[in-house]
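Quick notes on the structure that follows.
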Amino acid sequence: MLGVLKVATADQIQRLASPHLTYRHTLKKTAALRKEARTASHRGVAIDLDREPEEMGGMPKSAGRSGASHPMAVNETVIALIRPKPDLDLVAGEPAEAVAAAQAAVDAPKGIGTITSYATEVALPVKGTWKNPAIGSARADVVVIAPDDDVPLLFIEVDNCTEEAVLTAAKFDKHARFFKRKEKDTDGIEICERRNDSETQFLVRLARS
């Protein structure tokens, strides 16, 4: 899991890996005690996604100096999109309010993909390679590939309103330059010129190469 989120709190890991715990321990007297009970078993825990290092994206910039406020916001974005569903059998015996809240989460519309559908801090090279992108390349906060949910490819920028508008606007130009990039297949013919699939499908192939 940390191969996707890079930096995460025990609470965020718990909400993704064991969402039923969100609705348990409701009889603890304080919110702090409830959170302690929910997250204790998830400190330092990661789910093995069988990803190579080059498939994990980069590390968040300045996470140590800034308290990781931006990576935390990226994590919350991923959780909001996945919308993990609790196992109702695992909240049996909890107070009626907790069971009702868990049932509401189960009944709510499903999210997009699973944790394996996501990558964070992904370089989108306008030139160069995935490992060594050229200067001026975009860097997507989140990349989602979930074709089963009709999301073949989605780039997401997460903004904490800490950048000037001109810097945010410049990111659009970088993304546009990436989308215009053309690659040649093994026969030397540009993929863009001969493909019958959509631009998005092409980018999925590019992203997985």
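Spin-label pair E164-A176: with each label point 7 Å from Cα along the Cα-Cβ axis, the two points sit 2.0 nm from one another. The Rg/Rh ratio for region 97-188, using Cα coordinates for both the radius of gyration and the Kirkwood hydrodynamic radius, is 1.12. When the P(r) of region 80-135 is calculated, the portion above 15 Å amounts to 64% of the C-alpha pairs. Between K127 and E157, the distance separating the two model label sites (each 7 Å from Cα on the Cα→Cβ line) works out to 2.2 nm.
Values quoted throughout were computed directly from the atomic coordinates according to the rules given, and no laboratory measurement underlies them. None of the values given here were measured: they were computed from a predicted structure. Heads up, the Cβs are rebuilt from the backbone with ideal geometry, glycines too, and the neighbour counts pull from every protein chain shown.
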